[in-house]
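A short write-up of the structure that comes next.
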Amino acid sequence: MGIAHTLFGILGNASGLFLFLAPIVTFRRIIVNKSTEKFSGVPYPMTLLNCLLSAWYGLPFVSPNNILVTIINGTGAVIETIYVLIFILFAPKKEKAKVLGLFSFVVAVFSGVVLVSLLALHGPHRKIFCGFAAAIFSIIMYGSPLSIMRLVIKSKSVEFMPFFLSLFVFFCGTSWFIFGLLGHDLFVAVPNGVGSALGTTQLILYFIYRDKKGEPESASKEEAMEMGTTDNKAPTSIESNQSNTNRTQEGHV
C-alpha cells in the first residue's frame with residue numbers, strides 16, 4: 001500500500017473506533033438502571049452484520065490491500081457483540097425476542113456469505129460477491145441517520161444530533177472514501193462516499209439550526225426515543241442521542 005493509502009486507512013480506523021465506542025454512554029446508563037428503557041436494540045445487530053461482512057471482505061484472500069478495513073471492522077464486531085449481549089440481558093421480553101431474532105439473522109447471513117465465498121467462489125468472483133454484500137449493508141447503516149436529520153428539520157433543534165458525532169461520521173466516511181479511491185476499490189469507496197455526503201449534510205444542518213431555539217413536541221421526543229436517541233438530560237453526545245444512529249454509522253467502512 002502507498003503512504004497516502006495507508007495514512008487514510010489509519011485515519012479511518014481512528015474515527016471508526018470513536019464511532020464504535022460512542023454508545024458507551026448509553027450502555028452505561030442501561031447497566032446502571034438495569035433497563036433498556038425506550039432505547040431501540042435494532043441498530044446494534046445490524047451494525048454487527050456490517051462489521052462482520054466488511055471485516056471478511058478486507059481479508060487478504062478476499063481482497064488485497066484492505067487489511068486495515070478488517071482491523072477496524074473486526075474490532076467493531078467485538079464491540080457490537082458486547083452491546084448486543086448487554087441489550088439482551090436488560091431488555092424486556094418483547095424487545096429481547098426481537099434482538100435475539102435479529103442476532104440470529106446476522107449469524108445466518110454472515111455464515112451464508114462466508115460459506116458461499118469459500119466453497120463456491122474464487123479470485124475476483126469472491127471479491128465481487130463479498131464486496132457487494134459489505135457495500136449494501138454499509139449503505140443501509142450510513143442511511144440510518146436520515147430519520148434524525150428529518151427530526152432536526154422538523155423540530156428546528158439539534159439536541160438529538162450531537163456535533164462531534166456528526167463530525168466523526170464525516171471524518172470516518174471521508175477517510176474510507178479516499179482510502180477506497182486510492183486503492184481503486186469501489187466496494188470501499190462508494191458506501192463511504194455516501195457516508196461522507198450524509199456526514200456533510202448533518203454538519204450543514206447543525207450549523208443552520210445550532211442557534212435556533214426549537215420546541216420539539218412530545219411526539220418528537222417519543223420518536224427520538226424509539227430511535228434510541230432519547231435525551232432526558234442523560235445520554236447526550238455521541239450516543240444516547242445517537243446511540244442507534246450511528247452504530248451505525250459508525251464504523252461503517
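A crude spin-label estimate for the pair residue 61 and residue 200, with each label 7 Å from Cα along the Cβ direction, gives 3.9 nm.
Would you please name the chymotrypsin sites (Phe, Trp or Tyr not before Pro) within the range 11-86 that are DSSP coil residues with at most 12 other C-beta atoms within 10 Å of their C-beta?
Details: sites: 18, 20, 27, 39, 56, 57, 61, 83; in loops: 39, 61.
Answer by residue number: 61.
Size of the range 1-132: Rg and Dmax of its alpha carbons, in Å, are 16.7, 51. Could you tell me the calculated FRET efficiency between residue 98 and residue 7, based on Cβ-Cβ distance and R0 = 45 angstrom, to the nearest 0.05? Calculated value: 0.65.
Every number in this text was worked out from the coordinates using simple rules, so none of it is lab data. A quick note: this is a predicted structure, and the numbers were derived from the prediction, not measured. Here the Cβ is made from the backbone with ideal geometry for all residues, glycine too, and neighbour counts use every protein chain on show.
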